[in-house]
């Protein structure tokens, strides 16, 4: 079980008021992964958004069929799987997510979030504003990595 305060520990959710968090709690589930487990793979259908309660997740891209490159570490309070909300028709993850340690995650199904946002536009706006910030940060990280490769 978890509380509203547990949801507030997630960076992107700290901007929501208690009423919004209570509504979000009704569609929130928790799952645990062992170190080495894949949460999702690049190209999989993006059906859920995740936030780290405890542990560490690595975001990887596939260089070729036998090589994956770690591009970012996601730790406590951070969110991953934003493709579940920002893609339009065919939603797919742009990276793979691998538990680097034993990890516990909050999980929200895309369709549940979209239903909630259609009922509370302010919450949807605040939520998507934070998703946009995550996307921007991840793009900046990739740009730096890209520049480092070609120096």
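No value in this document is a laboratory result; all are computed from the given coordinates. The structure displayed is predicted, hence computed values, not measured ones. Neighbour counts are summed over all protein chains in view; Cβ atoms, including those assigned to glycine, are modelled from backbone coordinates with ideal geometry.
Taking all C-alpha pairs of the chain, those more than 25 Å from each other amount to 27 percent.
Sequence-distant contacts, meaning Cα pairs under 8 Å at least 6 residues apart, place the relative contact order of the chain at 30 percent.
For the peptides 89-95, 38-44, 66-72, 52-58, the ranking by packing is 52-58, 38-44, 89-95, 66-72, with the highest mean count of neighbouring Cβ atoms within 10 Å listed first. With coordinates expressed along the principal axes, the C-alpha atoms belonging to the range 42-90 extend over 31, 29, 11 Å, beginning with the largest. From least to most packed, judged by other beta carbons within 10 angstrom and beginning with the fewest, 107, 10 follow the order 107, 10.
Helix 110-119 and the long axis of the chain differ in direction by around 40°, with both axes built from C-alpha atoms. Counting neighbouring Cβ atoms within 10 Å and putting the fewest first, the residues 128, 20 line up as 128, 20. So, in nm, how far is label residue 25 from label residue 41 when the simple model puts each one 7 Å beyond its Cα toward the Cβ? Between residue 25 and residue 41, the label points sit 3.7 nm apart. Between residue 15 and residue 61, the distance separating the two model label sites (each 7 Å from Cα on the Cα→Cβ line) works out to 2.5 nm.
With each label modelled as a point 7 angstrom along the Cα→C-beta vector, the residue 101-residue 8 pair spans 2.4 nm.
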